[in-house]
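Below is one structure, written out as C-alpha cells, with a few remarks after it.
The values are calculated or read from the model by the stated rules, or taken from the named source; none is laboratory data. The structure displayed is predicted, hence computed values, not measured ones. Cβ placement follows ideal geometry from the backbone for every residue including glycine, while neighbour counts extend to all protein chains displayed. The accessibility values were calculated without ligands, DNA or RNA, using every heavy atom of the protein model including side chains. Shrake-Rupley method; radii C 1.70, N 1.55, O 1.52, S 1.80 Å.
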Amino acid sequence: MMVPIITLESVGKSFGSFRALKSVTGEINAGEIVVICGLSGSGKSTLIRCLNGLEAIDEGRIVVDGIDVAARNTDLNQLRRRIGFVFQQYSLFPHLTAIDNVSIGLRRLQRVPTEEARARALVLLERVGLAHRSNYVPAELSGGEQQRVAIARALSMNPPIILLDEPTSALDPEVVGDVLAILQSLSGTGITIVCVTHEMGFARNVGDWIWFMEDGSLIEKAPPELFFSKPHHPSAQRFISTIWRSHERA
Amino acid sequence: MLDVVQQYWPYLLFGSYPNGPLGGFTMTLVIAIVSLVLTFPSAVLVALARTSEVRVLEHAAFLFVTIVRGIPLLMLIFWVYFFLPVALGTPISPFWSLILAIVVFQTAYLSEVLRAAIEALPKGQTEAALSLGLSYFPRIWKVTLPQALYNSIPGILNQFTSMIKETSLGYVLAVEELTYAANKVNNFILVKPFSVFALLALTYFAVCFTLTQLVRLLEARIENRFTRVAAA
C-alpha cells in the first residue's frame, strides 16, 4: 500500500474575514505529480504555501513527510530543508551569483565545504542548462533563466518534495517550454511535485492528478484523462472549456 | 580671509599638534569618523530589533528611537557630560562625552534609515530564504543585510554629513575641534570675525558638499544595479 507523503485534513485558512481555504482534504503519494488549477483567487497559491508553512493554517491538519506542519513543536526550518519551493517571481537573491544562489543552502545548512557545494551546484545548473551562466547575477539573466536557476536552488538540498507556485506565469511565452521541460524531466525520479499552474498541456501530459479548486474548496480530484474528458463539477467543465478556447486563440 | 588662512592654517587644521593636543579640522574628522564607526553597528542592531518579531525588542527599540528623536542633541550632550559621570562614578572626557552623545543621537536616526531599507526589500526575499530552511541569523546575515545595507549607502552617507556638522557642538564642551579653533582664532584677532567665520562656514560646506555629491553619484549607481531586480 502507498503511504501518502502529504496529507491534508479539513484544512481551513482565513485572511481577516476572507476564507481562503475551506476544509481542504486530500492525499498525495510519494513520487506523484499533482497539478493544482483553478481561477485566480480560488486558493491555489494559499494551499501550496501552507504546505511548507509559509502561511499558517487556522483549522485542520497538514502532515508532510511524517511531520505535522502546524504543530507547535515542529521545527519549520528542518522541514523546509526537505521541501523545495519555486516562486512565480523567481525570488533569487539579487546580490548573489547563480551558483551562489544554488549553493547557499548546502553551505549554510549542511555545512558542505565551499568547493564541494559549488561543484554540486554546478551539476544542478548543468541540469537546467545554465552551467555557462553560473557566475552571472540575477539582473544579468532573463526571466526564464532566473526561473531555471530558482528550480536548481529548490533542488539543491535534494528534497523529496518540490512545490511550485505558478512557475511559468511571469515568463515570456517562448521560454515557458524550457521550464516545463525541466519539470517534466523530474517526473519518474521519485520526487513528489505539487505545481500550481495554468499550463493545461503540462497538466495533461505530466500530471498524475489534477486538483481543481474553486472559492477555497478543493472540488475535484481526478487523473488528467478523466478530468479533461469527463469533469464532474460544472465549474470544472466551464474552466476546461475556457482554457481550451484561450488555447485555440493563441 | 586669505591672511587668516596664511597665518593660522596649521592651528585650524591640526590644533596645537605636534606641540600640544590635536585639534582643528583633523579633530572634527576624527570625531565624525569615530562616531560613524560606533554608530553603524548599533544602528544595525536597533534596526534589527525594530524589524524582529520579538515584541519586547521591537517595543524597546521603538521607545529608544522615539525618545532620542524627541530631544535636541545639545541637551543630550549636557546629559552625557554632566549626568553620566555621576551615574557611573567616573569622569568622562569631553571628547568621549561628545562622541557618545552623537552616537546615541545618530543611532536613532540611522536605525530608521536601515529599517526602511530592510522593510523595502521584496517580501519574496525573506520567503525564499525561509523556504530554503535558513534560520534567523543566516537569513539576516546572508540575505537581508547585504541587500538592505547596499541600498542604504546614500542614507548612511547622508547621516554622516549630519554627523560632521554636529561635531561643531563640541564647542560647548571645549573639545578642540574646528569650530572651537576658529572661535579661538577670532578671539585672538578680534577685528576680523567675518573672515574667520566665513572660512569656518566654507570649510564645513566644502566637506558636506563633496559628500552629498558622492551620495548623488552612488544613488544613480544603485538605481542602475537594482531596478531590474526590484520586482523579483
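Taking packing as the residue-averaged number of other Cβ atoms within 10 angstrom, the listed peptides A:35-47, A:98-110, A:69-81 run from highest to lowest as A:98-110, A:35-47, A:69-81.
Counting only residues at least eight positions apart within a chain, or on another chain, the aspartates and glutamates with an alpha carbon under 14 Å from that of B:Lys192 are B:Asp3.
Once the chain from A:Ser10 to A:Glu174 is taken as fully extended at 0.36 nm per residue, the excess over their C-alpha distance is 55.1 nm.
Temperature 4 °C, viscosity 1.567 mPa s: under these conditions the Stokes-Einstein estimate for the range B:78-176, based on its Kirkwood radius over C-alpha pairs, is 81 µm² per second. Label positions at A:Asn158 and B:Glu53, each projected 7 Å from the Cα along the C-beta direction, are separated by 3.0 nm. Ligands, DNA and RNA are left out, and with a 1.4 angstrom probe the accessible area of the range A:92-250 is 44 Å² per residue. Taking 0.36 nm per residue of separation and subtracting the current Cα-Cα distance, fully stretching the chain between A:Ser246 and A:Ser142 would add 34.8 nm. Summarise the accessible area of the protein assembly as shown (1.4 Å probe, protein heavy atoms) by the percent that is carbon and sulfur. Carbon with sulfur: 60 percent of the solvent-accessible area. For the range B:88-135, a reduction of at least 40 Å² in accessible area between the chain on its own and the assembled protein chains (probe 1.4 Å) is found at B:Gln125, B:Glu127, B:Ala128, B:Leu130, B:Ser131, B:Leu132, B:Gly133, B:Leu134.
Tell me, what is the FRET efficiency for A:Asp65 and A:Arg111 to the nearest 0.05, using R0 = 25 angstrom and their Cβ-Cβ distance as r?
0.70
Remark: mean inter-chain Cβ contacts per residue of A:184-193 equal 0, using a 10 Å Cβ-Cβ cutoff to other protein chain atoms.
Accessible surface calculations at 1.4 Å, restricted to protein heavy atoms, place the range B:105-208 at 41 Å² per residue. Buried surface between chains B and A: roughly 2100 Å² of accessible area, summed over both sides, computed with a 1.4 Å probe on protein heavy atoms only. Each part gets one Cα centre, and for the range A:122-142 versus the range A:1-40 those centres are 33 Å apart.
Using every pair of distinct Cα positions in the protein assembly as shown, the Kirkwood expression returns a hydrodynamic radius of 26.5 angstrom. In plain terms, the chain from B:Leu22 to B:Gln7 could stretch by 3.6 nm, reckoned as 0.36 nm per residue minus the Cα-Cα distance. Distance from the C-alpha centroid of the range B:1-30 to that of the range B:90-160: 35 Å, rounded to the whole angstrom. Legend: distances between Cα atoms for A:Lys22/B:Lys123; B:Lys142/B:Lys165; A:Lys13/B:Lys142; A:Lys230/B:Lys123; A:Lys13/B:Lys123; pairs beyond 30 Å are B:Lys142/B:Lys165; A:Lys13/B:Lys142; A:Lys230/B:Lys123. Expressed to the nearest 5 percent, the antiparallel share of DSSP beta bridges inside the protein assembly as shown is 50 percent.
The distance linking the range A:210-250 with the range A:63-107 is 30 Å (Cα centroid to Cα centroid, whole angstrom). Taking a sphere under 14 Å around the Cβ of B:Leu22 and counting the other residues whose Cβ falls inside, with K and R at +1 and D and E at -1, yields a net charge of -2. Average partner chain C-beta neighbours within 10 Å, per residue of A:102-110? Taking all residues of A:102-110 together, the mean is 4.
Here the Debye sum runs over all C-alpha atoms of the range B:2-231 as equal scatterers in vacuum, and log10 of I(q)/I(0) at q = 0.14, 0.18 Å⁻¹ comes out as -0.96, -1.29. Converting the Cα gyration tensor eigenvalues of the range A:115-200 into ellipsoid dimensions via √(5λ) gives semi-axes, longest first, of 20, 18, 10 Å.
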